[in-house]
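Asker: The structure that follows is given in the form of structure tokens.
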Amino acid sequence: MWIGTTAQNAIRAVLYLAGNAREVPVRVDQIAGALDLPRNYLSKTLHALVRAGVLKSGRGPRGGFQLAEPPDRLPLARLIAPFRPVGEQRCLMGRPDCGGQHPCAAHFRWGKVASAVEDFFQQTTVSSLLGEVRARPRTAPHLDRRPRPRRRAV
């Protein structure tokens, strides 16, 4: 199971919120600026996390986003769940009927890898990744910016 860009950015945003935990909500503009993400895109991502119960939000001048639960009770699987396609394929070859009596050529080897990746997302919490960031500051989510393409001079 590989995750898409939106799920990656959801993890980055939640890590940012957990690392900058305050008693007041954090505004989407601040998160977008710190992570170098488009505000509207990030807002939609954060609202999906609110609907999933990962975050809570408030409106108005004192509004923003906060974690809905302590970071040690938030596995990464909960963060990426809203962004996984319904009926996601686990077959590496893309076969809809892979398994059982109709395994693909990679089924038995890929099954072990897919299970290990699934276990990683189920067992890794926001808190454990936050511990990595504190131990190794160069792993902070605001450093995960994608290089912008350079424009050629005309």
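The values are calculated or read from the model by the stated rules, or taken from the named source; none is laboratory data. Computed from a predicted model, the values in this text were never measured in an experiment. Methodologically, a virtual Cβ is constructed for each residue, glycine included, from the backbone with ideal geometry; neighbour enumeration extends over all protein chains shown.
Asker: I need the full set of residues from the range 98-119 which are outside any helix (DSSP H, G or I), surrounded by 13 or more Cβ atoms within 10 Å (Cβ to Cβ) and either modelled with pLDDT of 85 or more or within 19 Å of the chain's Cα centre (by Cα) (or both), in order please.
Answerer: Passing the criteria: PRO103, CYS104, ALA106.
Asker: Count, please, the residues in the range 1-48 that happen to be closer than 30 Å to ARG109 by Cβ, among the small types (Gly, Ala, Ser) and buried (at least 18 other Cβ atoms within 10 Å of the Cβ).
Answerer: Of the residues in that region, 2 qualify.
Asker: Here is a check on your reading of the model: is ALA52 among the aliphatic types (A, V, I, L, M) and either touching a strand residue (DSSP E or B) at 6+ places or on another chain (Cβ under 7 Å) or surrounded by 12 or more Cβ atoms within 10 Å (Cβ to Cβ) (or both)?
Answerer: yes
Asker: Out of ALA48, ALA77, ALA34, I need the residue that is in contact with a His (Cβ under 8 Å, 6 or more places away or on another chain), at pLDDT 85 or above and assigned to a helix (DSSP H, G or I). Which one?
Answerer: On inspection, the qualifying residue turns out to be ALA34.
Asker: Looking at LEU15, LEU42, which is the one that is assigned to a helix (DSSP H, G or I) and farther than 25 Å from ALA135 by Cα? If you could, list the steps in order and put the result at the bottom.
Answerer: Details: LEU15 fails: farther than 25 Å from ALA135 by Cα.
Sole residue among the options that is assigned to a helix (DSSP H, G or I) and farther than 25 Å from ALA135 by Cα: LEU42.
Asker: Which pairs do you get when a residue that is under 14 Å from LEU17 (Cβ atoms) and polar (S, T, N, Q), found in the range 68-88, comes within reach of a residue that is at pLDDT below 95 and in a loop (DSSP other than H, G, I, E, B), reach meaning Cβ atoms under 9 angstrom, with the pair 6+ apart or on two chains?
Answerer: Matching pairs, first to second residue: none at all.
Asker: Just to be sure, is GLU118 of a type in the set (D, E, K, R), in contact (Cβ under 8 Å) with a residue 24 or more places away in the chain and under 30 Å from GLY19 (Cα atoms)?
Answerer: yes
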